[in-house]
């Protein structure tokens, strides 16, 4: 059962992330079309994450109780509806269009349970030794979604106008729902022990009272904060410095996705065996910090591609070992709830990050990149001190020498 289940969950997340990648590079442009600027653009981007912050732990707990499959199917169906609303919003102008755009992202966030529940699915069907490698499959699906998503978004916008990307994303999510109906099997065993049901805030307190989980979730929050500041301002930076339109922005996001997918799909398993999760978390944040300091000052396309590739490799390396360690240090009967809290912490970063980054960008374009470079460096140093030098009590796969 394990191999077919992993393949199906990969396809489920991959198709869903294609839909996400289609509209992400276009969100700042859509927002500007409706007259939104500065923090308002950040608010549109963050609205998806606001809802995920509140609902991801709930979906995770629900998946612990009723199984992963029905929760994933609900999420997929809701995403199809939300992207259809996104397409309709593109046909309406002024304040009404802006409100519909906001409503589409809010509804998508309510239904966006895929990443946390898919991570719990991976935890159900992998051993501790293969946990980070399994989490890398989700990261690879994320990266591949960004390869095809932005390119499809740019093509559909050019071919069908502004509503095109929303309708195409809706179609992909609908196909994802049908795929799940027919071939997605349940991963959680009926005999699995269930953790006691807790209200949302109590679940947060319960999870964060465990020092190891609290530290790992904090590292995940900071890494996600750096990434979301990058993704929310890159289209604006490319427009300002290089005069790139949506099509070129989509191609560069696709390039980032290719690099991340190569790292997460082909290299992450060997990297974990060679270095272990702790050293990968430390090293990846240093790479992210250096690349963020370079991106806003890239003088030409070659330098830009180098810095974007460096950033994509660092961020691609980071997610799988971090989520793997969170899962391995979580009680077996609370995988969905714990990973839901972790995902919710990540969405909190996605709430704060875009508003923080776009507001600073309006003052001085390089500012959010330089500040996040410092945040990444500090995060790497915390990982070194707490995970690499003083790793007492942490569960992780043991590094192995590879000939």
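None of the figures in this text is laboratory data; all of them are computed from the coordinates on show. Everything numeric here is computed off the predicted structure, so don't read it as measured data.
In Å and whole numbers, how far do the C-alpha atoms of segment 55-117 stretch along each principal axis, longest first?
For segment 55-117, the Cα extents along the three principal axes come out at 43, 17, 14 Å.
Could you give the length gained by full extension between residue 385 and residue 201, i.e. 0.36 nm per residue of separation minus their alpha carbon distance, to one decimal place?
63.3 nm
Tell me the relative contact order for the chain as a rounded percent, counting alpha carbon contacts under 8 Å between residues six or more apart.
29 percent
Please give the contour-minus-distance gain from residue 106 to residue 363: 0.36 nm per residue of separation, less the Cα-Cα distance, rounded to one decimal in nm.
89.8 nm
Where a ≥ b ≥ c are the square roots of the eigenvalues of the C-alpha gyration tensor, would you call the chain rounded, which needs a/c under 1.5, or, failing that, prolate if a/b is larger than b/c, or oblate?
oblate
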